[in-house]
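Below: the structure, in structure tokens.
Every read-out reported here was derived from the displayed coordinates using simple, explicitly stated rules and does not represent laboratory data. Note that the structure is predicted; figures quoted are calculated from it, not measured. Neighbour counts run over all protein chains shown; Cβ positions are idealised from the backbone, glycine included.
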């Protein structure tokens with residue numbers, strides 16, 4: 001697993017790889033909430049707690065979840081491809097695999113999202129186990145690869161200037177003023 005060097009405090013845009021790592025943890029917690037929501041629906045139905053859980057999951061994946069994919073696809077992956085020190089064939093294979101997984105995960109999200117929207121509105125619909133399983137499994141497997149291969153590779157290959165640019169882009173994507181250490 002990619003280590004957090006900033007201790008218990010949440011990493012900021014001046015530590016973009018640590019932010020990506022922290023986001024992975026948040027995604028896994030949202031997947032856990034999804035599993036709990038499915039169990040809750042089976043026992044309690046679509047009550048206020050279920051509606052709030054569905055709303056929270058929707059908020060997360062419609063904002064931070066999308067930003068996370070954009071951070072990787074628009075900034076991190078191109079920065080890695082530009083590294084002369086990388087084994088380009090191996091790097092290209094890894095990045096193509098991750099991009100293909102992003103497509104699968106987004107497809108699963110769009111299917112799951114439709115059900116969550118109805119639950120968030122209080123409509124008692126089932127949360128299909130197969131759909132839920134596909135969504136959670138695809139995210140869990142993908143994050144494992146990013147934690148064991150992508151982030152350590154990025155930490156090794158990217159220099160301070162590239163990391164600062166990554167942090168700037170991540171902040172700007174979220175409409176946040178970049179920290180002083182990452183400003184151009």
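Working note: Debye formula, equal point scatterers on the alpha-carbon atoms of the range 1-128, no solvent; log10 I(q)/I(0) at q = 0.16 Å⁻¹ is -0.89.
The convex hull around the C-alpha trace of the range 71-179, projected and averaged over every direction, spans 8.5 square nanometres.
By how many degrees, between 0 and 90 and to the nearest 10, does the Cα long axis of helix 16-44 differ from the longest principal axis of the chain? On a 0 to 90 degree scale, this one is about 10. Estimated from the Cβ-Cβ distance and a Förster radius of 22 angstrom, the FRET efficiency linking residue 92 and residue 161 is about 0.45. Each of 20, 28 was scored by other Cβ atoms within 10 Å of its Cβ. Arranged with the fewest first, they read 28, 20. For the range 60-100, pairs of C-alpha atoms spaced more than 11 angstrom apart make up 66 percent of the total. When all alpha carbon pairs of the range 70-132 are counted in 5 Å bins from zero, the resulting P(r) reads 4, 15, 19, 15, 11, 10, 10, 8, 5, 3, 1 %. The angle between the Cα long axis of helix 129-145 and the main principal axis of the chain comes to about 20°, on a 0 to 90 degree scale. Legend: calculated FRET efficiency, residue 35 to residue 84, from the Cβ-Cβ distance at R0 = 30 Å, rounded to 0.05, equals 0.10.
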